[in-house]
1. Looking at 209, 177 in this structure, which one is aromatic (Phe, Trp, Tyr) and under 22 Å from residue 125 (Cα atoms)?
2. Kindly establish whether residue 17 is among the hydroxyl-bearing types (Ser, Thr, Tyr), within 12 Å of the ligand (Cβ to nearest atom) and either modelled with pLDDT of 95 or more or over 14 Å from the mean Cα position of the chain (by Cα) (or both).
3. Need the failing condition index for residue 178 against (1) closer than 19 Å to residue 134 by Cα; (2) more than 16 Å from the ligand (Cβ to nearest atom); (3) of a type in the set (S, T, N, Q), just the number.
4. Output the residue which, of all residues in region 102-139 that are surrounded by fewer than 16 Cβ atoms within 10 Å (Cβ to Cβ) and closer than 22 Å to residue 177 by Cα, is nearest to the ligand (Cβ to nearest atom).
5. Determine, yes or no, whether residue 246 is touching a residue at least 40 places away in the same chain (Cβ under 8 Å), at negative phi, outside any helix (DSSP H, G or I) and within 10 Å of the ligand (Cβ to nearest atom).
6. Applying the selection to region 214-243, what residues are over 18 Å from residue 151 (Cβ atoms) and either touching an Asp or Glu at 6+ places or on another chain (Cβ under 8 Å) or not in a loop (DSSP other than H, G, I, E, B) (or both)?
Amino acid sequence: AAKRLHGKTILITGASSGIGRSTALEFARTNPSGDLRLIITARRKESLEELAAQIRDETKDGVKVLPVQLDVSKAEEIRGFVGGLPEEWRDIHVLVNNAGLVKGVAKAPEIAEEDMNIMFTTNVTGLINMTQAILPIFQKRPDGGQGDIINIGSIAGREPYPGGSIYCATKAAVRSFTESLRKELIATRIRVIEVDPGQVQTEFSVVRFYGDKAKADAVYAGCDPLTPDDVAEVIVFAATRRENVVVADTLLYPNHQA
Ligand code: NDP
């Protein structure tokens, strides 16, 4: 499987923590001495720099890493990002649309407008804008194009829960968009993949509770959630299948989750 990553450039959004960070490490560890390039993006530049240093160190510079500050909720930043990539980093083969967040727990009539907007512009518009920005790079390749778009959805997109209506709606939107795109691109060599995790312990709940770590930790007390590495392994598995194999849709539960 590792050789299928050889010579590839992989772009990950939301790589500064959690699943995105683990995914960058998992790609690097799968092909540490191959000609692999990783573009890691998020808003927190310092965390990206630290991750880049860790990957260079672990792989003895076998994997090339480019950390780029990018807020996917801002369409103009996405345009600037793509236009501003150095020549040797433009030949992207895999896009992992992972950046996403939940803000607040509130019944539908009480949801703050600001929270609603940030969830939609990040989880939905950001993912779509990234896809539209990168797809032409895939489509320029011969034979109808080649590349992988891997979208991170959620169990929340399939099983809505009270208090999470906006987040659930954003992830349902990701699911619909991903499925439409996959059907539009059938019979090309472009694979469209969705990975939907259940509960994963990351900074996700810290963000959900506006930085309240105690509340976030309480979410995971007494249960055994997925780790970000568990999800990263599935993402890298999907990206390293034989080209004709599309791991189109995967739902990952921790064993305790109903
Ligand atoms: P984390 O909070 O650890 O990671 C989220 C990442 O998204 C961070 O790197 C954050 O970086 C980035 N991000 C947030 N907003 C933006 C933005 N506007 N532009 C760019 N990057 C952004 O949580 P997870 O790793 O858990 O979340 C990753 C994905 O997994 C999300 O899409 C989430 O919805 C999904 N998911 C998570 C589950 C869970 O239980 N944890 C379950 C199911 C799905 P920064 O702040 O530096 O920008």
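1. Working: 209 fails: under 22 Å from residue 125 (Cα atoms).
That would be 177, the only listed residue that is aromatic (Phe, Trp, Tyr) and under 22 Å from residue 125 (Cα atoms).
2. Yes, satisfied.
3. (2)
4. Looking at the filtered set, the residue picked out is 117.
5. no
6. 214, 215, 216, 217, 218, 219, 220, 229
Yes or no, residue by residue, for (1) part of a helix (DSSP H, G or I); (2) within 10 Å of the ligand (Cβ to nearest atom):
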{"position": "7", "(1), (2)": "no, no"}
{"position": "23", "(1), (2)": "yes, yes"}
{"position": "49", "(1), (2)": "yes, no"}
{"position": "61", "(1), (2)": "no, no"}
{"position": "65", "(1), (2)": "no, no"}
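Every residue, every condition in (1) at pLDDT below 95; (2) crowded, with 18+ Cβ neighbours inside 10 Å, yes or no:
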site: 171; (1), (2): no, yes
site: 186; (1), (2): yes, no
site: 195; (1), (2): no, yes
site: 201; (1), (2): no, yes
site: 205; (1), (2): no, yes
site: 208; (1), (2): no, yes
site: 213; (1), (2): no, no
site: 222; (1), (2): yes, no
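The values are calculated or read from the model by the stated rules, or taken from the named source; none is laboratory data. Predicted model only: the values in this text are computed from it and were never measured. Using ideal geometry, Cβ is built from the backbone for each residue, glycine included, and neighbour counts are taken over all protein chains shown.
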